[in-house]
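These notes are about the structure you will find just below.
The values are calculated or read from the model by the stated rules, or taken from the named source; none is laboratory data. On a predicted model such as this, the values are computed, not experimentally measured, just so you know. Glycine gets a Cβ as well: all are built from the backbone with ideal geometry, and neighbour counts include every protein chain shown. Ligands, DNA and RNA are stripped out before the accessible areas are found, and what is left, the full protein with its side chains, is counted by its heavy atoms. Shrake-Rupley method; radii C 1.70, N 1.55, O 1.52, S 1.80 Å.
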Amino acid sequence: MKKKSICFLTGVIIFMSLFGCGKPKYVLTFEKTGFETEKKKYEEGEKVTVYYDMIATDTDYSFYTDSEDVVLKQEYDNNHGYVFTFQMPAHDVKMGVSSRNSMIYEPVNPGEITEGDEGEIPDGAWKCPECNYDKNTGGFCSNCGSKKP
Ligand SMILES: [Zn+2]
């Protein structure tokens with residue numbers, strides 16, 4: 001029984017190599033992890049679908065391939081993340097992504113320091129009449145910049 005099924009399997013493989021793989025297939029590879037595809041190899045003109053779901057909201061992504069003749073169609077899907085489709089050209093394709101953190105770091109606003117700000121008051125500190133900041137040691141308020149009274 002086992003031998004028979006191996007024979008059958010060998011027959012299928014021979015059949016596929018004779019008739020199933022008539023067209024050459026091209027390999028799709030990725031420069032980085034995070035991409036997902038159903039297949040690795042595609043025939044020329046075959047529709048390729050690629051998913052990319054490693055997404056951080058504060059990051060800008062730009063996707064590219066190493067082939068000028070590949071036109072990437074980019075969509076966004078809540079289940080999969082980014083979805084790309086393109087037609088396989090008659091050569092191997094490598095796809096990659098470059099990401100850039102788009103978060104803008106705002107400088108700390110000194111005006112946000114409030115009266116209730118906790119911390120040790122330095123010796124000889126004076127309280128600013130303008131903003132009530134009470135840890136000033138210099139000639140001007142270090143919170144709002146007013147001159148020492
Ligand atoms: Zn002040």
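Brief remarks follow.
- If the condition is being within 44 Å of the chain's Cα centre (by Cα) and not hydrophobic (A, V, I, L, M, F, W, C), then segment 119-134 contributes G119, E120, Y133.
- Within segment 93-124, considering residues that are within 16 Å of the ligand (Cβ to nearest atom) and surrounded by 13 or more Cβ atoms within 10 Å (Cβ to Cβ), the one modelled with the lowest pLDDT: I113
- D69, sole failed condition from (1) modelled with pLDDT of 90 or more; (2) open to solvent by less than 70 Å² (accessible area, probe 1.4 Å); (3) assigned to a loop (DSSP other than H, G, I, E, B): (2)
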